[in-house]
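None of the figures in this text is laboratory data; all of them are computed from the coordinates on show. Since the model is a prediction, treat every value here as computed from it, not as a measurement. Virtual Cβ from ideal backbone geometry, glycine too; neighbours counted across all protein chains shown.
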Amino acid sequence: MNAPLLELSGLTKHYPVRKGLFSRISGSVRAVDGVDLSLQSGQTLGIVGESGCGKSTLGRLALRLIEPTQGRVLFAGTDLGHLGPADLRAQRRQMQIIFQDPYSSLNPRMTVGQILSEPLRLHRLHLGRQTQRVAELLHTVGLAAEHAGRYPHEFSGGQRQRIGIARALAVQPQLIVCDEAVSALDVSVQAQVLNLLQDLQQQLGLAYIFIAHDLAVVKHIATQIAVMYLGRVVELADTQTLFAAPRHPYTQALLSAIPLTEPNRQRQRLLLAGDLPSPADPPPGCRFHTRCEHARPTCSQQSPTLTQQDGHAVACHFWRDIKAPIRAPNAAINTRLQRLQSAFVT
Amino acid sequence: MALLEVTGLSTHFATEAGEFAAVDGISFSIEAGKTLAIVGESGCGKSVTSLSIMGLVGPAGRVAAGSIRFDGRELAGLAPAEMQALRGKAMAMIFQEPMSSLNPAFTVGEQIVEVLLRHRPIGRQEAQALALAMLERVRIPAPAQRFHEHPHKLSGGMRQRVMIAMALANSPRLLIADEPTTALDVTIQAQILELMKSLQQDSGTAVLLITHDLGVVAEVADEVAVMYAGRIVEQAPVAALFSQPQHPYTVGLLGSMPHLDRTQARLSAISGQVPGLFERPLGCSFAPRCPFAVARCLLEKPPLMEMGGQHRAACWLAPLDADALVPQASERALA
């Protein structure tokens, strides 16, 4: 196997919690706590988990948009932590990000042309033919060259997200972090943007870190998935394996909570009790033990490490003893519906 | 007789550019104890429909036409005081964002007490006991303690439980739930949907569920109405809608969702976008995005037509026959 494009090791981010008149540090929120992950070029790593699990913080740490408390990020062999501001900026050309909210991530005072040529100017790319490059970029994301003169408010949510994608592509990066990039979009537009992201990956050999709370979306686009809970990766496997045989009780509950679009299908549902504990005060031992129906005394004392077997890593003391819930057999394929839907594929 | 019967409802909004129909002549009904889901994307008019029923469209909007019969009584044109007597009692509503629907200055207990006192001839002590019982019913842990807490102390899922407790406090006959789980994480969503289902079974309340999420629809609805550009384009019992959709928009919507069981190389995304409020086409509003659209679709608006088995679709080509339909590339280019 080739050396990974991106390698995160022991990555940790603690935010201090301040209290009282003199803002003394009274504790810390462990947003990300010792995460090891790697990503090959041209692949997609999905990161899933619920609000507050640290997935967005992890995405920002990977680009060194925020400084880690501990740990290391290697991008194509370079340790990002050792780079000075100028070198880091040069390195950022290879790594871009697309944000969730297409309304707040574009400057309303700039035309689309200005938004797209700014990264070119910063990195001194395509000098003298930036207008042409902007037109190319707009074309790549399914917009037209004449859109360059318009302002963000003249576009719909889906179109704005295309502009955000074009801006990320402007500097020809190798890696794009997509942070809930399709979550704010309506489902029909979301499908358009997902198809676009997949096309771009094939054409340009991009690697994605795809952060989302929607498991069906992540399953569709990711080659590998990391499941996070309270700042830690609890399970890591390739997409097919994770969905076919989830090992961690949290992953199992997460999968069984997704509503299926088949009204009459029976399945075993695992309902998690209670809420997510506060990341400022995570439970001792396994962080999931307070909501886990399989928890034993060990779980509240020892923190399980992420251990790999057959290319499938899980952080649970007792995963071997836990049976995955019975999956309902797949529904018969609706050929009429599939044929009708094939008319929509563009 | 249906508990709620909406006929030919049109709700208009005044803007600087003129008046437009957010809801454009829709009809549906809900029986007691049943759940009707209205599903559609942003701007299709699903929320305005629910606000129209509750008499909450606000100063810019007005119910321009149609009838809303609730338990045999006409709501359209009812005096504000009479609407107020109904809201929170016979019909109640829960919203997407529990944080902005709860008053941050009062404890959750007080807010439920207020709803009870507003509509029932009971004393404060009795109301407090009932409010506490409601918190228990929606399975809030340590309800006696939570009763005295302010909304900001509660998690999103707990706040939504409080909203449900408030809405059900006076045993409404109709509950309107507008995106009740959209702001919640998926494991919390599963808890809330489970709770709503079991409370409905106990009380026989009719539910009008407004959502963009077809997964949620499949989980809880008995019947579904799909809205597009202010109109109902398809309506059917839930199983039929998912297995035998008859409107191309529904077909496209189902194909846009990534499937959990199957791997798909590409999603069958619907090209283009929803027409602007003042750009609605002369014919079928979906025609410019429809791969099957023929000349008639561009010129004439199809009414909601009976397909048999309580299945209705507003499409000139329905029932859709996969063998006979040919994608009409040229027509789309024309549009």
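A few comments on the model shown:
- Centroid-to-centroid separation of the range B:1-64 and the range B:203-260 [C-alpha atoms, Å]: 17 Å
- Once C-alpha pairs closer than 8 Å and six or more residues apart are averaged by separation and normalised to the residue number of the range B:66-219, the relative contact order reads 28 percent.
- Computed label-point distance, nm, for sites B:Thr107 and B:Gln264 using a 7 Å Cα→Cβ extension: 5.0 nm
- Taking label points 7 Å from Cα along the Cα-to-Cβ direction, A:Ala90 and A:His123 give a separation of 1.4 nm.
- Proximal aspartates and glutamates to B:Lys153, defined as alpha-carbon separation beneath 17 angstrom and excluding residues fewer than eight positions away on the same chain: A:Asp275, A:Asp281, B:Glu97, B:Glu110
- Farthest toward positive dipole pole in the protein assembly as shown [+1 Lys/Arg, -1 Asp/Glu at C-beta], among B:Gln189, A:Leu125, B:Gly283: A:Leu125
- Cross-link reach list, lysines versus B:Lys46, counting only Cα pairs under 26 Å and skipping chain neighbours closer than eight places: B:Lys34, B:Lys89, B:Lys197, B:Lys301
- In summary, the lysines within cross-link reach of A:Lys55, defined as a Cα separation below 21 angstrom excluding same-chain residues under 8 places away, comprise A:Lys13, A:Lys219.
- Fraction of beta bridges assigned by DSSP in chain A that are antiparallel (%, nearest 5): 60 percent
- Selection from B:Pro151, B:Ser198, B:Asn170 lying farthest towards where the dipole of the range B:126-231 points positive, charges on Cβ: B:Pro151
- With neighbour counts taken as other beta-carbon atoms within 10 Å, the residues A:Leu271, B:Leu325 rank, fewest first, as A:Leu271, B:Leu325.
- Furthest towards positive pole of dipole, B:Ala322, B:Gly58, B:Val217, structure part chain B, Cβ charges: B:Gly58
- Spin-label proximity, A:Lys323 to the range A:233-271 - amide N less than 14 Å from point 7 Å beyond Cα toward beta carbon: A:268-269
- Expected 222 nm ellipticity per residue - DSSP helices of 4 or more, -39500 (n - 2.57), all of the protein assembly as shown, to 500: -9000 deg cm²/dmol
- When the Gaussian network model of chain B links Cα atoms closer than 10 Å, the mean-square fluctuations of B:Ser52, B:Ser271, B:Ser171 top out at B:Ser271.
- For the range B:1-144, the share of DSSP beta bridges that are antiparallel, to the nearest 5, is 95%.
- Antiparallel %, DSSP beta bridges [both residues in the protein assembly as shown], to 5: 60 percent
- Taken along the Cα-to-beta-carbon direction at a fixed 7 Å, the label points for B:Gln84 and A:Ala3 span 7.3 nm.
- For the range A:335-345, Karplus couplings with θ = phi - 60° (6.51, -1.76, 1.60), whole Hz, Gly/Pro x: 5, 4, 4, 4, 5, 5, 5, 5, 5, 8, 4
- Angle in degrees between helix A:130-140 and the longest Cα principal axis of chain A, rounded to the nearest 10: 50 degrees
- Taking every alpha-carbon pair under 8 Å whose residues sit at least 6 apart, the range B:211-312 reaches a relative contact order of 24 percent.
- If you take the Cα centroid of the range A:69-98 and the Cα centroid of the range A:285-346, the two points sit 33 Å apart.
- Average partner coverage of B:270-278, which counts Cβ from other chains inside 10 Å: 4
- Charge dipole magnitude, Cβ of K and R +1, D and E -1 - chain A, Cα centre, debye nearest 20: 280 debye
- Under the convention that each Lys and Arg Cβ holds +1 and each Asp and Glu Cβ holds -1, the size of the dipole of chain B around its Cα centre is about 440 debye.
- C-alpha long axis of helix A:157-169 to longest principal axis of chain A, angle in °: 80 degrees
- Environment charge at A:Arg160 (Cβ cut-off 10 Å; Lys +1, Arg +1, Asp -1, Glu -1): -1
- Degrees, to the nearest 10: B:108-119 long Cα axis against longest axis of chain B: 80 degrees
- When only the Cβ of Lys, Arg, Asp and Glu is charged (+1, +1, -1, -1), the dipole of the protein assembly as shown relative to its Cα centre reaches about 1200 debye.
- Once C-alpha pairs closer than 8 Å and six or more residues apart are averaged by separation and normalised to the residue number of chain B, the relative contact order reads 19 percent.
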